[in-house]
Amino acid sequence: MDPFEEVNLSLNKASKYTNTKVTDGILEMLTTPWREIIVSCPIKMDNGETKVFSGYRIQHNAVRGPYKGGVRFHPDANHSEVKALSSLMTWKNAIVDIPFGGAKGGIQVDPNKLSKNELYNLTKRYTLSIDKFLGPNTDIPAPDLGTNSQTMAWMMDAYGSIHGYTPAIVTGKPVELGGSIGRDSSTGRGVVFIIDEVCKKLKLNPKNTSLIIQGFGQVGSWIAQIAFEKGYKIMAVSNVNGAILSNKGINIPNLIEYYNSNKTFDGYKNVEHISNDDLLLAKCDFLIPAAIERVITEKNADQIRSKIIIEAANHPVTPEADKILESKNIDIYPDTLVNSGGVIVSYFEWIQNLYQHQWEIERVNSELQKIITKAFIEVYDNAKNKNISFRLSALTIGLNRVIHTADLRGYI
Ligand code: GLU
């Protein structure tokens, strides 16, 4: 199924549980992106040839505040994928109750195949192509898959070349350029706050709780580090090339030291080296997909042996897999709640930029914990009260907030 249709299918289901009746017209308003920008980005490659890349910025909904969401550089960043992700941003921001709408951007490119100079030129061309539709009160991009604080520095610079110094135009910037302290670890930290809350509900002790983390990038590696510090047993981790597993638990600081110097898990001692597919099927308490979309599908859902799935990546479980997992009584804590730590700290960064001030790390982390824990409790209680899945519960809360604000603005 097309990724955008998949997201809309879940919304359709959630719309049956909202406070107000969702008519066909309201559902159409909630599922249709308000603006879809498609641009061609030609750049001259280092070898002198010209290459054209497709770029997107989908502005899904802005009833609750300016459009907000990341920009990804990835070979699969096509129109439908970016549309689906823009919709998820609307719901994510509403579920955690921060004053933003939803958007997502992307360029269909493998950033690993471009030189730094080519990436710089591509980022600049993309930003200037969509510049008219951006602004600190209009649309505020951030990093996502394949982009990072350097990409945001280039975007801020390109936007500033027309509009002047505007740090609040992007979040996830380098701290020296107005980025928030703690933004780099925020998504991973938020994920671990959610795991802590699930453990409290299930009366699990971190020391006896095993985690498997798929993905060792910007999100997965932070989850591993923070969870390890809190005493969780990290049983397995993976990157695109393979996975490692140890029933005794992996020493993460040690692994990171090895990974930083070797850029691979190959050759790491005293662990079992397994495939990425097998990692997803290993037995554990919490399985945490923290990389790309659609890794748990109807093909492997039946063989999953973890008790709980924590969606640190965006949209890692397809609707078909959702059904199979539900029939196996595997609880899924959804992306819109679990990985919201990144955009929550983006919100803090935006606030800091607007009044030219810098918060300390303790404040960033404690306000993050407050917001994400409150959202967790709301999603959990609503799911139990209505006897629905956590995914439906979260979406219902998001829908209620967006519908209420749309009503106040006179759209309904
Ligand atoms: N790309 C991240 C996400 O999917 C962060 C978005 C943001 O900070 O605006 O939530």
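The values are calculated or read from the model by the stated rules, or taken from the named source; none is laboratory data. Keep in mind that this is a model prediction, so the values were computed, not measured. Note that each Cβ is placed from the backbone with ideal geometry, even for glycine, and that neighbours are counted across all protein chains shown. Please note that ligands, DNA and RNA were not included when accessible areas were found on the heavy atoms of the full protein model with its side chains. Shrake-Rupley method; radii C 1.70, N 1.55, O 1.52, S 1.80 Å.
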At the level of C-alpha centres, the distance separating the stretch 36-110 and the stretch 338-387, in angstrom, is 22 Å
Simple SL model, points at 7 angstrom along Cα→Cβ for LEU354 and ILE274; separation in nm is 4.7 nm
Above 42 Å lies some portion of the pair distances; for the chain, what is it as a whole percent of all C-alpha pairs?
9 percent
Can you figure out the FRET efficiency of SER40 with LYS328, using R₀ = 41 Å and their beta-carbon distance, to the nearest 0.05?
0.35
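Just to be sure I understand: of the beta bridges DSSP finds with both ends in the stretch 1-115, what percent are antiparallel, rounded to 5?
Taking every DSSP beta bridge within the stretch 1-115, about 80 percent pair in antiparallel fashion.
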For MET29, MET1, MET235, give me the order by solvent-accessible area with a 1.4 Å probe, most accessible first, ignoring ligands, DNA and RNA.
MET1, MET29, MET235
Per residue of the stretch 57-66, what does 6.51 cos²θ - 1.76 cosθ + 1.60 with θ = phi - 60° give for ³J(HN,Hα)? Whole Hz please, x for Gly and Pro, Karplus curve as stated.
9, 9, 9, 7, 6, 10, 5, 9, x, x
Looking at the stretch 1-90, which GluC sites (Glu not before Pro) are DSSP coil and have at most 13 other C-beta atoms within 10 Å of their C-beta?
GLU49
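Restricting to the chain, compute how many DSSP beta bridges are antiparallel as a %, nearest 5.
50 percent
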Mind listing which trypsin sites (Lys or Arg not before Pro) in the stretch 177-213 are in a DSSP loop and have 13 or fewer other Cβ atoms within 10 Å?
LYS203
Quick query: amide H of GLY101 versus all other amide H atoms, modeled in the peptide plane; which residues come in under 5 Å with a sequence gap of 5 or more or a different chain?
ARG64, GLY65, TYR67, LYS68
Within the stretch 339-396, list the GluC sites (Glu not before Pro) lying in a DSSP loop whose Cβ has at most 12 other Cβ atoms in a 10 Å radius.
GLU360
Leaving out same-chain residues fewer than 8 places away, which aspartates and glutamates sit with a Cα under 14 Å from that of LYS207?
ASP196, GLU229, ASP285
On the accessible surface of the stretch 15-100, probed at 1.4 Å with all protein chains in place, carbon and sulfur together account for a percent value of 48 percent
As a quick test, which of the pairs LYS173/LYS283; LYS132/LYS173; LYS203/LYS230; LYS83/LYS263; LYS263/LYS374; LYS173/LYS384 have an alpha carbon distance above 27 angstrom in this structure?
LYS173/LYS283; LYS83/LYS263; LYS263/LYS374; LYS173/LYS384
Give the percent of DSSP beta bridges with both residues in the stretch 211-312 that are antiparallel, rounded to the nearest 5.
40 percent
Across the stretch 107-117, in residue order, what do the Karplus-derived ³J(HN,Hα) couplings come to in whole Hz, using 6.51 cos²θ - 1.76 cosθ + 1.60 with θ = phi - 60° and x for Gly and Pro?
10, 7, 7, 9, x, 5, 9, 10, 6, 4, 5
Phi to ³J(HN,Hα) by Karplus 6.51 cos²θ - 1.76 cosθ + 1.60 over the stretch 40-56, Hz, x for Gly, Pro:
9, 10, x, 9, 8, 6, 4, 7, x, 7, 9, 10, 10, 10, 8, x, 9
Fraction of alpha-carbon pairs over 21 Å apart in the stretch 121-223 - percent:
46 percent
Give me the dipole magnitude in Debye, nearest 20, for the chain about the Cα centre, with unit charges on the beta carbon: positive for Lys and Arg, negative for Asp and Glu.
660 debye
Computed from the beta carbon distance with a Förster radius of 22 Å, FRET efficiency for ASN260 and LYS113 to the nearest 0.05 stands at 0.45
Can you list residues from other chains, or at least 5 along the same chain, whose modelled amide H is less than 5 Å from the amide H of PHE53?
CYS41, ILE43
Solvent exposure of the chain as accessible area per residue, Å², 1.4 Å probe
42 Å²
